[in-house]
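Notes to accompany the following structure.
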2 protein chains.
Amino acid sequence: MKHLDVKDVLTNKEYTGKEVTVCGWVRTARDSKNMAFFELNDGTSLKHIQVVIDKAVLNVDDEALKLGASVKVVGTAVEGRQELNEINAKEVVLLGASPADYPLQKKRHTLEFLRTMPHLRTRTNTFNAVLRVRSVMANSIHTYFQSHNYVYVNTPLITGSDCEGAGETFTVTTIGHSDKYKTSDEYYADDFFGRRATLSVSGQLEGEVAAMAMGKIYTFGPSFRAENSNTPRHVAEFWHVEPEVAFAELPDIIEIAEDMIKYIVRDVLEKCPEEIKFFDERFEKGLIDKLNNLINNDFAILDYTDAVKMLEESGKQFQYPVYWGADLQTEHERYITEEVYNKPVFITNYPKAIKSFYMKQNPDGKTVAATDLLVPGVGEIIGCSEREADYDKLMAAMKERNMKIEEYADYIDLRRFGSVPHSGFGLGFERIIMYVTGMTNIRDVILYPRTVGNIR
Amino acid sequence: MKHLDVKDVLTNKEYTGKEVTVCGWVRTARDSKNMAFFELNDGTSLKHIQVVIDKAVLNVDDEALKLGASVKVVGTAVEGRQELNEINAKEVVLLGASPADYPLQKKRHTLEFLRTMPHLRTRTNTFNAVLRVRSVMANSIHTYFQSHNYVYVNTPLITGSDCEGAGETFTVTTIGHSDKYKTSDEYYADDFFGRRATLSVSGQLEGEVAAMAMGKIYTFGPSFRAENSNTPRHVAEFWHVEPEVAFAELPDIIEIAEDMIKYIVRDVLEKCPEEIKFFDERFEKGLIDKLNNLINNDFAILDYTDAVKMLEESGKQFQYPVYWGADLQTEHERYITEEVYNKPVFITNYPKAIKSFYMKQNPDGKTVAATDLLVPGVGEIIGCSEREADYDKLMAAMKERNMKIEEYADYIDLRRFGSVPHSGFGLGFERIIMYVTGMTNIRDVILYPRTVGNIR
């Protein structure tokens, strides 16, 4: 079935005056006495291509003019009124009809309504734009790291360890429900892996293994959290970008994170101008300005201790109390990023008690060399730290937390053999898509979102 | 910690004569009366950089000359004997020592031995090369599809459906072992998703959903198979590339698959010449010729029916019988690809009884428009088919197999609303890495391989 992509015919002068074949779905249709018009799209473009039918010359099946029908069109590409090319049809072949009960009839549908039909909402302009931006951003991430000598590694998704020390994990089993086993030990001993296995919440520990050999690595794959929460920012399955960099200390990794974010945003502005314009018009007024501001200004860096002072002196009434040692809540983060800075902010050097065992302990004995990147509207999109490279300090931190040392033997070995300063971060891919598109519910930037009770 | 990548200093003339700082691990060391030499690598390169120490000028800690130690070196890049640049050291700082029990002492280790230490084998030349080739190939795949207007989609990994109709799947649960539930129904009703959830064996069904909107899509993510088999070619967790193309029939998708494979191989030959040479010398003599042959010749296309005839007339004694209707076994595939063609072969139009419900039924009533791509040494690397786009035929095939129609409502809808001819394939990423590197065990092309009983 030789044919051209709608995108190519729409945007390439070469085709003007030539006979072309395109395929696609009918997105709008108008029928008058002498002429019929329809807009066709094969998904390769946010804009549709107009097809013009001279009814004196060409008889077209009524079914081929219905919204949602799929057709093949042969015709001449001619200069269009709105776009570079439209098509004067010579032949229109109906490929698949669209019956009257096609749910996406021509009217505005709410995002809530569209969530009830994940298999069809992809055919709307909104999801066409979201999915393309998501794809382009994923590729930007690969291009950024590959062009800086990073090695892409795939850390295991099924794992016997639990990166966060505790955390809500899914169990992976080939047994499932069974009344055959008295104890957990018997059950898991008989299971596929011979022990309890879970879905990875982060590839960091194995990412460190790779970085201690390949120097600069990044992962880009799914992570899983069995969080029993129903918010617009949480899903049970999300995509995670986790670079890990040997010989990098906290200031180095902060520089890398900022550089990477700016690269992605610059790239998507360049490659998806129509999509970003669409989001600016429909979903977040001022989006383009916001993104241009981001790439043209330095991110702020704010010490946690100063952040607490800033919040205490704000005169604001917060729901959650602010004091040194407390974790920052969404309301605090929003105040700092949206009201004080109105741009991305790295908060650095958190109290060690509220952060993970693997973070490098600062000389003050109270804080760790960690940072979260907060952005207006979305909140935290990056969690980052220099890792504890000192064997004794790491062991002490693990023992303090009553962790099972023997389960981390590989990880600890990295501090025994040629240990080096190293740092890494985790970027929630969907979070940055939300930031770039202005979509406010994470369910609308994922093909099939997974949340508690929802697995359609 | 500002420093340069070893790769850049090694390969860039600009640095010759300049002062540079590099970091890395000691890979070999020699000490004589007046001079000391060591080779350093930070993982960015297969080749090490030589560091020269004039002992009259610089006193170096003995610990910094031990295999596996990590050091920072400041010095002058000077033209090297073997490589473009080596470094005359001005300063050598020990970052992390490598004690005497470091397991990777200087001798050849078998791949079997290295599998016992996945966290350290990454520091060998072999795994440095494998991981870099893997990374470059992953990026080639993205570049290929993105440059052809495909949209990268992330299909869900936790799923309620089972693409292959049956198949060995992992269950995903937040309950695990429990004696609280009498029946499976009660157990799963109480589980995180309110029903039984499994790990996806393929993103195809959701990939089709995306392709019926975006036209040309590809997935690139993990798939999971709870296969209780211990072979050099099977793992429970592997990475899967699954393009799905609207308006493509079987001959179109065959063309795409061949074009993509050649693109990847051409790209890796260009970007990793040293790594491929290394594999040619150490693991598969003639590898480079094999890969050049692949990119310079058409793949063979052989009808299943002709393949059966060819096997029957071969005069070979096969362990498994050959007859029309039988699935081809590894021995049959090897005969065809290795003895008859000695190049990749697409076997087309398999009997419908041995293939999946979603494959397009051919007019002969006996076969389906499916193809497997077989390559010498590795066997099947691609499973491919045109999908059944006809509603009635799809329903009939599902009923014949006693499938639960209601679980596939979304998928079936695609045939109700603007159905189009479309095709797709699945490429086992590790399989093609094996083909390109000459590694013969899939466990050696994955950071942490997952097989039955093995989850270190």
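Of the residues making up the stretch B:277-293, those that are among the aliphatic types (A, V, I, L, M) and in contact (Cβ under 8 Å) with a residue 60 or more places away in the chain are B:LEU287, B:LEU291. Hey, among the residues in the stretch A:224-251 that are at the interface with chain B (Cβ under 10 Å from one of its Cβ atoms) and small (Gly, Ala, Ser), which one's surrounded by the most Cβ atoms within 10 Å (Cβ to Cβ)? That would be A:ALA246.
Give the stretch B:110-162 a look and list any residue that's of a type in the set (D, E, K, R) and within 14 Å of the chain's Cα centre (by Cα), or say none. Even if it seems obvious, please write down each step before you answer.
In the first step, residues of the stretch B:110-162 are kept if they are of a type in the set (D, E, K, R); the result is B:112, B:115, B:121, B:123, B:132, B:134, B:162.
Residues satisfying the conditions are B:ARG132, B:ARG134.
Just to be sure, is B:LYS55 in contact with a strand residue (DSSP E or B) (Cβ under 8 Å, 6 or more places away or on another chain), farther than 28 Å from A:GLN146 by Cα and more than 14 Å from chain A (Cβ to nearest Cβ)? Before the answer, list the steps.
Details: in contact with a strand residue (DSSP E or B) (Cβ under 8 Å, 6 or more places away or on another chain): yes; farther than 28 Å from A:GLN146 by Cα: yes; more than 14 Å from chain A (Cβ to nearest Cβ): yes.
Yes; evaluated as a whole, the condition is true for this residue.
Here B:LEU394 passes the criteria (1) under 22 Å from B:VAL245 (Cα atoms); (2) surrounded by fewer than 21 Cβ atoms within 10 Å (Cβ to Cβ); (3) not polar (S, T, N, Q) except the one numbered (2). Scanning the stretch B:377-397 for residues that are away from every other protein chain (no Cβ under 14 Å) and outside any helix (DSSP H, G or I) returns B:GLY377, B:VAL378, B:GLY379, B:GLU380, B:ILE381, B:ILE382, B:GLY383, B:CYS384, B:SER385. Restricting A:GLU258, A:GLU274, A:GLU270 to residues that are without any contact (Cβ under 8 Å) to a residue 12 or more places away in the chain and either surrounded by fewer than 18 Cβ atoms within 10 Å (Cβ to Cβ) or under 15 Å from A:THR371 (Cβ atoms) (or both) narrows the list to A:GLU270. Taking the stretch A:439-449 as the search range and keeping residues that are surrounded by fewer than 23 Cβ atoms within 10 Å (Cβ to Cβ) and not aliphatic (A, V, I, L, M), which one is farthest from B:GLU406 (Cα to Cα)? Among them, the one singled out is A:THR440.
Checked against the criterion of being under 27 Å from B:ALA129 (Cβ atoms), surrounded by 23 or more Cβ atoms within 10 Å (Cβ to Cβ) and touching a residue at least 12 places away in the same chain (Cβ under 8 Å), the candidates A:VAL151, A:VAL130 yield just one match: A:VAL151. Taking the numbered list (1) at pLDDT 95 or above; (2) under 18 Å from the mean Cα position of the chain (by Cα) in turn, B:PRO232 passes all entries but (1). Figure legend. Inter-residue proximity from the stretch B:25-36: first residues touching a residue at least 12 places away in the same chain (Cβ under 8 Å), second residues among the acidic types (Asp, Glu), beta-carbon distance below 6 Å, spacing 6+ or different chains. Indicated pairs: B:ARG27/B:GLU39; B:THR28/B:GLU39.
Restricting the search to helices (runs of 4 or more DSSP H) fully inside the stretch B:57-151 and requiring at least 2 residues that are basic (Lys, Arg) gives B:125-147.
Whether a residue is more than 10 Å from chain A (Cβ to nearest Cβ), under 17 Å from B:PRO449 (Cβ atoms) and of a type in the set (S, T, N, Q) was assessed, and B:THR76 does not pass this test. Considering the conditions (1) in contact with a Ser or Thr (Cβ under 7 Å, 6 or more places away or on another chain); (2) surrounded by 14 or more Cβ atoms within 10 Å (Cβ to Cβ), A:LYS2 is excluded by exactly one of them, (2).
What residue, of B:VAL235, B:VAL268, B:VAL241, is assigned to a loop (DSSP other than H, G, I, E, B) and of a type in the set (A, V, I, L, M)? Going through B:VAL235, B:VAL268, B:VAL241 in turn, the sole match is B:VAL235.
Against the definition (at the interface with another protein chain (Cβ under 9 Å from one of its Cβ atoms) and either exposed (fewer than 15 other Cβ atoms within 10 Å of the Cβ) or modelled with pLDDT under 95 (or both)), how does A:PRO118 come out, yes or no?
On the way: at the interface with another protein chain (Cβ under 9 Å from one of its Cβ atoms): yes; either exposed (fewer than 15 other Cβ atoms within 10 Å of the Cβ) or modelled with pLDDT under 95 (or both): no.
So A:PRO118 fails the test.
Only one entry in B:GLU284, B:GLU258 is outside any loop (DSSP other than H, G, I, E, B), of a type outside the set (A, V, I, L, M) and either at pLDDT 95 or above or under 26 Å from B:ASN454 (Cβ atoms) (or both), namely B:GLU258.
Among all positions in the stretch B:327-350, there is no residue which is of a type outside the set (Val, Ile, Thr), exposed (fewer than 14 other Cβ atoms within 10 Å of the Cβ), modelled with pLDDT of 95 or more and in contact with a Ser or Thr (Cβ under 7 Å, 6 or more places away or on another chain). Inclusion of B:ARG134 among residues that are closer than 30 Å to B:ILE253 by Cα and at the interface with another protein chain (Cβ under 9 Å from one of its Cβ atoms) is warranted. Within the stretch B:398-429, being over 32 Å from the mean Cα position of the chain (by Cα), assigned to a helix (DSSP H, G or I) and more than 10 Å from every other protein chain (Cβ to nearest Cβ) holds for B:LYS399, B:GLU400, B:ILE405, B:GLU406.
The lone criterion from (1) more than 26 Å from A:VAL445 (Cβ to Cβ); (2) touching a strand residue (DSSP E or B) at 6+ places or on another chain (Cβ under 6 Å); (3) more than 9 Å from chain B (Cβ to nearest Cβ) left unmet by A:MET214 is number (3). Residues in the stretch A:403-436 that are farther than 26 Å from B:VAL71 by Cβ, modelled with pLDDT of 95 or more and not charged (D, E, K, R): A:GLY426, A:LEU427, A:GLY428, A:PHE429, A:ILE432, A:ILE433, A:MET434, A:TYR435, A:VAL436.
Step by step: first the residues of the stretch B:30-50, then only those that are of a type in the set (A, V, I, L, M) and away from chain A (no Cβ under 13 Å), then the one that is surrounded by the fewest Cβ atoms within 10 Å (Cβ to Cβ). Which residue is that?
Of everything passing the filter in the stretch B:30-50, B:MET35 is surrounded by the fewest Cβ atoms within 10 Å (Cβ to Cβ).
Among the residues making up the stretch B:170-187, those that are surrounded by 21 or more Cβ atoms within 10 Å (Cβ to Cβ) and either more than 8 Å from every other protein chain (Cβ to nearest Cβ) or not in a loop (DSSP other than H, G, I, E, B) (or both) are B:THR171, B:VAL172, B:THR173. Do we have any residue at all in the stretch A:132-151 that's under 20 Å from B:ASN139 (Cα atoms), in contact with a Lys or Arg (Cβ under 8 Å, 6 or more places away or on another chain) and among the aliphatic types (A, V, I, L, M)? Looking through the stretch A:132-151, at least one residue is under 20 Å from B:ASN139 (Cα atoms), in contact with a Lys or Arg (Cβ under 8 Å, 6 or more places away or on another chain) and among the aliphatic types (A, V, I, L, M). I need the full set of residues from the stretch A:287-300 which are part of a helix (DSSP H, G or I), closer than 11 Å to A:LYS343 by Cα and among the charged types (D, E, K, R), in order please. Matches in the stretch A:287-300: A:LYS290 only.
The values are calculated or read from the model by the stated rules, or taken from the named source; none is laboratory data. Since the structure is predicted, the reported quantities are computational estimates derived from the model, not experimental observations. Cβ sites come from the backbone with ideal geometry, for glycine too, and all protein chains shown count toward neighbours.
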